[in-house]
1. Please list Glu149, Glu239, Glu257 in order of solvent-accessible area, largest first, computed with a 1.4 Å probe with all protein chains present.
2. Given a 1.4 Å probe and the protein chains all in place, what does the accessible area of Asp222 round to, in Å² to the nearest 10?
3. Hey, if we sort Leu270, Leu318 by accessible area with the 1.4 Å probe, largest down, what's the order?
4. List residues of the stretch 207-232, by number, whose backbone nitrogen lies under 16 Å from a label position 7 Å along Cα→C-beta of His175.
5. Excluding Arg247 itself, what net charge comes from residues whose Cβ is under 11 Å from its Cβ, given Lys and Arg +1 and Asp and Glu -1?
6. Quick check: the angle from helix 315-342's long axis to the longest principal axis of the chain, C-alpha only, nearest 10 degrees?
7. Among [x] 152; [y] 200; [z] 140, find the value of volume of the Cα convex hull per residue in Å³ that was calculated from the structure presented, and write down its label.
8. Based on alpha-carbon atoms only, what is the radius of gyration of the stretch 94-148 relative to the globular estimate 2.2 N^0.38 Å?
Amino acid sequence: MVAELLDWIEVASVSGTEAPFTDLARRALERRGLDVEPIDVGAGRASLFARVGSPRVVLCTHLDTVPPWFGARADRTHVHGRGACDAKGVALAMAEASRRLVDGGLGDFGLLWTVGEEVDSDGALAAQRALVSGALELDQAPSFIVVGEPTGNRFVRGHKGMLRAALRAKGVPSHSSDPRGPSAVHALVGCCARLIGQDWGQHPVFGAGSLNVGVIAGGVADNVVAGEAHADLLVRAVEGPKEVEARLRGGLSGEVELDVHVRYGPVEFLVPEGEPAEVVAFGTDAPYLPAWGQPLLMGPGDIADAHTEHERIAIGELERGIARYVDLVPALLERAVAQGTRG
(Lines give C-alpha, C1' and ligand atoms only; values in the text may rest on other atoms or scores of the structure.)
Protein backbone atom coordinates (compact mmCIF):
# COMPACT_ATOMS: atom_id res chain seq x y z
CA MET A 1 0.00 0.00 0.00
CA VAL A 2 2.74 2.45 0.95
CA ALA A 3 4.81 1.56 -2.11
CA GLU A 4 1.86 2.15 -4.42
CA LEU A 5 1.06 5.52 -2.87
CA LEU A 6 4.70 6.56 -3.27
CA ASP A 7 4.46 5.63 -6.96
CA TRP A 8 1.25 7.64 -7.32
CA ILE A 9 2.75 10.74 -5.73
CA GLU A 10 5.77 10.54 -8.03
CA VAL A 11 3.47 11.11 -11.03
CA ALA A 12 2.66 14.82 -10.89
CA SER A 13 -0.98 15.76 -11.43
CA VAL A 14 -1.26 19.48 -10.78
CA SER A 15 -4.66 20.72 -11.98
CA GLY A 16 -4.78 20.81 -15.76
CA THR A 17 -1.94 18.29 -16.19
CA GLU A 18 -3.61 15.18 -14.75
CA ALA A 19 -3.51 12.95 -17.86
CA PRO A 20 -0.44 10.80 -16.98
CA PHE A 21 -1.75 10.12 -13.48
CA THR A 22 -5.28 9.48 -14.76
CA ASP A 23 -3.85 6.72 -16.96
CA LEU A 24 -2.01 5.19 -13.99
CA ALA A 25 -5.16 5.39 -11.86
CA ARG A 26 -7.25 3.72 -14.56
CA ARG A 27 -4.87 0.76 -14.70
CA ALA A 28 -4.85 0.51 -10.89
CA LEU A 29 -8.65 0.25 -10.80
CA GLU A 30 -8.79 -2.28 -13.62
CA ARG A 31 -6.30 -4.48 -11.75
CA ARG A 32 -8.71 -4.44 -8.83
CA GLY A 33 -11.54 -5.87 -10.91
CA LEU A 34 -13.54 -2.75 -11.82
CA ASP A 35 -14.77 -1.72 -15.24
CA VAL A 36 -13.43 1.78 -15.90
CA GLU A 37 -14.89 4.39 -18.24
CA PRO A 38 -13.26 7.76 -18.93
CA ILE A 39 -15.47 10.86 -18.85
CA ASP A 40 -14.07 13.38 -21.31
CA VAL A 41 -13.34 16.82 -19.86
CA GLY A 42 -11.58 18.24 -22.92
CA ALA A 43 -7.98 19.16 -23.75
CA GLY A 44 -6.87 15.54 -23.32
CA ARG A 45 -8.17 15.32 -19.75
CA ALA A 46 -10.70 12.89 -18.29
CA SER A 47 -12.38 11.94 -15.05
CA LEU A 48 -12.79 8.21 -14.33
CA PHE A 49 -15.94 6.26 -13.51
CA ALA A 50 -15.28 2.71 -12.32
CA ARG A 51 -18.03 0.26 -11.44
CA VAL A 52 -19.13 -3.18 -10.45
CA GLY A 53 -22.66 -3.81 -11.66
CA SER A 54 -25.09 -0.87 -11.51
CA PRO A 55 -23.76 1.40 -8.76
CA ARG A 56 -26.14 2.50 -6.03
CA VAL A 57 -23.21 3.83 -3.96
CA VAL A 58 -20.26 5.77 -5.39
CA LEU A 59 -16.97 6.66 -3.72
CA CYS A 60 -15.70 9.97 -5.10
CA THR A 61 -12.45 11.91 -4.82
CA HIS A 62 -10.16 13.92 -7.09
CA LEU A 63 -6.96 13.15 -8.99
CA ASP A 64 -5.52 16.67 -9.26
CA THR A 65 -3.33 18.47 -6.74
CA VAL A 66 -2.35 22.04 -6.04
CA PRO A 67 1.08 23.27 -7.15
CA PRO A 68 3.95 22.99 -6.69
CA TRP A 69 4.60 19.30 -7.17
CA PHE A 70 7.24 17.69 -4.96
CA GLY A 71 8.23 14.06 -4.69
CA ALA A 72 7.47 11.27 -2.29
CA ARG A 73 9.16 9.68 0.70
CA ALA A 74 8.04 7.50 3.58
CA ASP A 75 9.10 6.97 7.17
CA ARG A 76 7.78 4.60 9.82
CA THR A 77 4.55 6.52 10.38
CA HIS A 78 3.81 8.72 7.36
CA VAL A 79 3.90 9.02 3.59
CA HIS A 80 5.05 12.48 2.47
CA GLY A 81 4.64 14.32 -0.84
CA ARG A 82 2.27 16.42 -2.88
CA GLY A 83 -1.12 14.74 -2.91
CA ALA A 84 -0.32 12.41 -0.01
CA CYS A 85 -3.50 13.45 1.82
CA ASP A 86 -5.22 15.66 -0.78
CA ALA A 87 -6.24 13.42 -2.29
CA LYS A 88 -4.11 10.52 -3.60
CA GLY A 89 -4.08 8.89 -0.18
CA VAL A 90 -7.87 9.09 -0.14
CA ALA A 91 -8.03 7.61 -3.64
CA LEU A 92 -5.74 4.73 -2.63
CA ALA A 93 -7.93 3.99 0.40
CA MET A 94 -10.97 3.87 -1.88
CA ALA A 95 -9.18 1.65 -4.39
CA GLU A 96 -8.05 -0.80 -1.71
CA ALA A 97 -11.50 -0.86 -0.15
CA SER A 98 -12.95 -1.59 -3.58
CA ARG A 99 -10.56 -4.50 -4.06
CA ARG A 100 -11.66 -6.04 -0.78
CA LEU A 101 -15.33 -5.51 -1.60
CA VAL A 102 -14.94 -7.05 -5.05
CA ASP A 103 -13.02 -10.00 -3.59
CA GLY A 104 -15.86 -10.43 -1.10
CA GLY A 105 -18.42 -10.64 -3.91
CA LEU A 106 -20.06 -7.23 -3.42
CA GLY A 107 -21.53 -5.51 -6.46
CA ASP A 108 -23.50 -2.42 -7.44
CA PHE A 109 -20.99 0.16 -6.27
CA GLY A 110 -18.54 2.39 -8.08
CA LEU A 111 -15.86 5.06 -7.91
CA LEU A 112 -15.85 8.52 -9.48
CA TRP A 113 -12.43 10.15 -9.62
CA THR A 114 -12.45 13.69 -10.98
CA VAL A 115 -9.94 16.16 -12.36
CA GLY A 116 -9.86 19.89 -11.77
CA GLU A 117 -11.32 19.93 -8.26
CA GLU A 118 -8.66 22.29 -6.95
CA VAL A 119 -9.49 24.92 -9.58
CA ASP A 120 -12.98 24.89 -11.07
CA SER A 121 -14.34 21.32 -10.66
CA ASP A 122 -14.60 20.90 -14.43
CA GLY A 123 -14.16 17.14 -14.01
CA ALA A 124 -17.14 16.97 -11.66
CA LEU A 125 -19.23 19.13 -13.98
CA ALA A 126 -18.41 16.77 -16.86
CA ALA A 127 -19.45 13.79 -14.72
CA GLN A 128 -22.73 15.49 -13.84
CA ARG A 129 -23.46 16.14 -17.52
CA ALA A 130 -22.57 12.56 -18.48
CA LEU A 131 -24.95 11.10 -15.90
CA VAL A 132 -27.85 13.45 -16.64
CA SER A 133 -27.52 12.99 -20.41
CA GLY A 134 -27.50 9.19 -20.18
CA ALA A 135 -23.99 8.90 -21.61
CA LEU A 136 -22.98 6.59 -18.75
CA GLU A 137 -25.84 4.15 -19.45
CA LEU A 138 -26.82 3.38 -15.85
CA ASP A 139 -30.01 1.51 -15.00
CA GLN A 140 -30.67 4.16 -12.35
CA ALA A 141 -28.86 7.05 -10.74
CA PRO A 142 -26.80 6.27 -7.62
CA SER A 143 -28.50 6.76 -4.25
CA PHE A 144 -25.41 7.88 -2.32
CA ILE A 145 -22.08 9.49 -3.15
CA VAL A 146 -19.30 9.41 -0.55
CA VAL A 147 -16.98 12.34 -1.20
CA GLY A 148 -13.44 11.69 0.02
CA GLU A 149 -11.37 14.51 1.48
CA PRO A 150 -8.98 14.47 4.46
CA THR A 151 -11.35 14.60 7.45
CA GLY A 152 -9.48 12.31 9.83
CA ASN A 153 -11.90 9.51 8.87
CA ARG A 154 -14.71 11.45 10.58
CA PHE A 155 -17.99 12.26 8.93
CA VAL A 156 -18.73 15.88 8.13
CA ARG A 157 -22.09 17.50 8.70
CA GLY A 158 -21.51 20.27 6.17
CA HIS A 159 -19.07 22.64 4.55
CA LYS A 160 -19.21 26.30 3.77
CA GLY A 161 -20.08 27.59 0.34
CA MET A 162 -17.61 29.27 -1.96
CA LEU A 163 -17.42 32.28 -4.23
CA ARG A 164 -14.30 32.69 -6.35
CA ALA A 165 -13.97 35.99 -8.20
CA ALA A 166 -11.61 38.53 -9.71
CA LEU A 167 -11.60 42.28 -9.18
CA ARG A 168 -10.45 44.23 -12.23
CA ALA A 169 -9.59 47.91 -11.91
CA LYS A 170 -9.01 50.40 -14.73
CA GLY A 171 -7.15 53.68 -14.38
CA VAL A 172 -5.57 56.39 -16.51
CA PRO A 173 -1.79 56.05 -16.78
CA SER A 174 0.22 59.22 -16.19
CA HIS A 175 3.50 60.40 -14.72
CA SER A 176 3.41 60.12 -10.93
CA SER A 177 4.60 63.74 -10.62
CA ASP A 178 1.32 64.78 -12.25
CA PRO A 179 -1.11 62.10 -11.02
CA ARG A 180 -4.21 62.86 -13.06
CA GLY A 181 -5.39 59.27 -12.67
CA PRO A 182 -7.43 57.72 -11.37
CA SER A 183 -4.93 55.03 -10.34
CA ALA A 184 -6.12 51.46 -10.88
CA VAL A 185 -3.93 50.28 -7.98
CA HIS A 186 -5.31 52.89 -5.59
CA ALA A 187 -8.88 52.06 -6.59
CA LEU A 188 -8.25 48.32 -6.18
CA VAL A 189 -6.51 48.66 -2.82
CA GLY A 190 -9.35 50.82 -1.53
CA CYS A 191 -11.90 48.27 -2.70
CA CYS A 192 -9.99 45.40 -1.08
CA ALA A 193 -9.74 47.33 2.19
CA ARG A 194 -13.50 47.85 2.24
CA LEU A 195 -14.17 44.17 1.54
CA ILE A 196 -11.66 42.89 4.09
CA GLY A 197 -13.27 45.00 6.79
CA GLN A 198 -16.76 43.81 5.93
CA ASP A 199 -18.88 41.28 7.83
CA TRP A 200 -19.34 38.10 5.77
CA GLY A 201 -22.31 36.70 7.65
CA GLN A 202 -23.03 34.29 10.46
CA HIS A 203 -24.80 30.91 10.37
CA PRO A 204 -25.94 28.80 13.35
CA VAL A 205 -24.35 25.64 11.85
CA PHE A 206 -21.57 26.89 9.58
CA GLY A 207 -20.30 29.76 11.71
CA ALA A 208 -18.77 32.91 10.26
CA GLY A 209 -18.13 33.62 6.62
CA SER A 210 -14.72 34.93 5.58
CA LEU A 211 -12.92 36.54 2.66
CA ASN A 212 -9.35 36.01 1.47
CA VAL A 213 -7.64 38.23 -1.11
CA GLY A 214 -5.12 35.71 -2.39
CA VAL A 215 -3.53 37.55 -5.34
CA ILE A 216 -3.13 41.25 -6.04
CA ALA A 217 -1.14 42.75 -8.91
CA GLY A 218 -1.01 45.72 -11.24
CA GLY A 219 0.86 48.74 -12.50
CA VAL A 220 4.20 48.94 -14.27
CA ALA A 221 6.50 51.13 -12.13
CA ASP A 222 6.55 53.21 -8.97
CA ASN A 223 6.69 56.45 -10.97
CA VAL A 224 3.72 55.63 -13.20
CA VAL A 225 0.08 55.97 -12.16
CA ALA A 226 -1.33 52.50 -12.74
CA GLY A 227 -3.64 51.91 -15.66
CA GLU A 228 -4.55 48.35 -14.67
CA ALA A 229 -4.72 46.19 -11.55
CA HIS A 230 -6.45 42.99 -10.53
CA ALA A 231 -7.03 40.82 -7.49
CA ASP A 232 -8.22 37.23 -7.03
CA LEU A 233 -10.36 36.54 -4.00
CA LEU A 234 -12.28 33.71 -2.38
CA VAL A 235 -15.20 33.92 0.03
CA ARG A 236 -15.94 30.97 2.35
CA ALA A 237 -19.66 31.55 2.35
CA VAL A 238 -22.31 30.88 4.96
CA GLU A 239 -25.00 32.58 2.86
CA GLY A 240 -26.44 31.96 -0.58
CA PRO A 241 -24.50 33.04 -3.69
CA LYS A 242 -26.78 36.02 -4.41
CA GLU A 243 -26.29 37.43 -0.92
CA VAL A 244 -22.52 36.99 -1.09
CA GLU A 245 -22.26 38.62 -4.50
CA ALA A 246 -24.37 41.54 -3.28
CA ARG A 247 -21.93 42.05 -0.38
CA LEU A 248 -19.04 42.09 -2.85
CA ARG A 249 -20.70 44.54 -5.20
CA GLY A 250 -21.42 46.82 -2.26
CA GLY A 251 -17.67 47.35 -1.84
CA LEU A 252 -16.91 48.25 -5.45
CA SER A 253 -16.12 51.68 -6.84
CA GLY A 254 -16.64 53.03 -10.34
CA GLU A 255 -13.16 51.96 -11.43
CA VAL A 256 -13.48 48.33 -10.22
CA GLU A 257 -15.47 45.52 -11.82
CA LEU A 258 -16.34 42.09 -10.40
CA ASP A 259 -15.92 38.87 -12.41
CA VAL A 260 -17.38 35.82 -10.61
CA HIS A 261 -15.91 32.42 -11.58
CA VAL A 262 -17.39 29.92 -9.09
CA ARG A 263 -20.24 30.28 -6.62
CA TYR A 264 -22.31 27.96 -4.46
CA GLY A 265 -23.91 28.09 -1.04
CA PRO A 266 -23.25 25.96 2.07
CA VAL A 267 -23.56 22.19 1.60
CA GLU A 268 -25.08 19.73 4.08
CA PHE A 269 -24.08 16.04 4.16
CA LEU A 270 -25.73 12.88 5.39
CA VAL A 271 -24.19 11.56 8.61
CA PRO A 272 -24.79 7.89 9.54
CA GLU A 273 -26.72 7.45 12.75
CA GLY A 274 -24.54 7.45 15.86
CA GLU A 275 -21.53 9.01 14.14
CA PRO A 276 -20.05 12.25 15.50
CA ALA A 277 -19.88 14.96 12.86
CA GLU A 278 -18.34 18.37 12.36
CA VAL A 279 -18.56 21.34 10.03
CA VAL A 280 -15.58 22.28 7.83
CA ALA A 281 -14.64 25.36 5.85
CA PHE A 282 -12.96 23.76 2.82
CA GLY A 283 -14.85 23.06 -0.40
CA THR A 284 -15.43 19.85 -2.39
CA ASP A 285 -16.86 18.61 -5.69
CA ALA A 286 -20.16 17.79 -3.96
CA PRO A 287 -22.11 20.92 -5.09
CA TYR A 288 -21.46 19.99 -8.72
CA LEU A 289 -22.73 16.39 -8.48
CA PRO A 290 -26.40 16.62 -7.40
CA ALA A 291 -27.52 13.78 -9.70
CA TRP A 292 -25.05 11.34 -8.12
CA GLY A 293 -27.04 10.79 -4.95
CA GLN A 294 -27.24 12.05 -1.40
CA PRO A 295 -23.74 13.14 -0.39
CA LEU A 296 -21.59 12.06 2.54
CA LEU A 297 -18.11 13.44 3.29
CA MET A 298 -15.36 11.37 4.93
CA GLY A 299 -11.78 10.33 4.26
CA PRO A 300 -8.35 9.68 5.77
CA GLY A 301 -5.81 12.41 6.40
CA ASP A 302 -5.61 15.77 8.14
CA ILE A 303 -6.73 18.87 6.21
CA ALA A 304 -4.07 20.84 8.11
CA ASP A 305 -1.45 18.93 6.07
CA ALA A 306 -3.09 19.65 2.70
CA HIS A 307 -1.72 22.35 0.36
CA THR A 308 1.42 22.71 2.50
CA GLU A 309 5.13 22.20 1.92
CA HIS A 310 5.02 19.34 4.42
CA GLU A 311 1.99 17.48 3.02
CA ARG A 312 1.73 13.98 4.44
CA ILE A 313 -0.67 11.24 5.54
CA ALA A 314 -0.33 8.81 8.43
CA ILE A 315 -0.11 5.17 7.39
CA GLY A 316 -2.47 4.23 10.22
CA GLU A 317 -4.98 6.79 8.86
CA LEU A 318 -4.86 5.07 5.47
CA GLU A 319 -5.53 1.68 7.02
CA ARG A 320 -8.44 3.03 9.07
CA GLY A 321 -9.81 4.77 5.99
CA ILE A 322 -9.85 1.52 4.03
CA ALA A 323 -11.72 -0.22 6.85
CA ARG A 324 -14.20 2.65 7.10
CA TYR A 325 -15.03 2.47 3.38
CA VAL A 326 -15.29 -1.34 3.50
CA ASP A 327 -17.90 -1.05 6.26
CA LEU A 328 -19.70 1.98 4.80
CA VAL A 329 -20.40 0.80 1.24
CA PRO A 330 -22.47 -2.31 2.18
CA ALA A 331 -24.36 -0.32 4.82
CA LEU A 332 -25.30 2.33 2.26
CA LEU A 333 -26.23 -0.32 -0.30
CA GLU A 334 -28.59 -1.89 2.23
CA ARG A 335 -30.07 1.54 2.92
CA ALA A 336 -30.49 2.24 -0.80
CA VAL A 337 -32.33 -1.05 -1.31
CA ALA A 338 -34.59 -0.34 1.67
CA GLN A 339 -35.40 3.12 0.33
CA GLY A 340 -36.15 1.65 -3.09
CA THR A 341 -38.44 -0.94 -1.57
CA ARG A 342 -40.37 1.70 0.39
CA GLY A 343 -40.57 3.83 -2.74
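The values are calculated or read from the model by the stated rules, or taken from the named source; none is laboratory data. Not measured: the values here are computed from a predicted model. A quick note on method: Cβ atoms are made from the backbone with ideal geometry, for glycine too, and the neighbour counts reach across all protein chains shown. Accessible surface is based on the protein model in full, side chains and every heavy atom, while ligands, DNA and RNA are left aside. Shrake-Rupley method; radii C 1.70, N 1.55, O 1.52, S 1.80 Å.
1. Details: Glu149 10, Glu239 40, Glu257 125 Å².
Accessible-area ranking of Glu149, Glu239, Glu257, largest first: Glu257, Glu239, Glu149.
2. 150
3. Details: Leu270 25, Leu318 0 Å².
So the residues, ranked largest to smallest area, are Leu270, Leu318.
4. 221-226
5. Summing Lys and Arg as +1 and Asp and Glu as -1 gives -1.
6. So the inclination is approximately 80 degrees.
7. Here the calculated entry is [x].
8. Working: Rg = 13.0 Å, N = 55, 2.2 N^0.38 = 10.1 Å.
It is 1.29.
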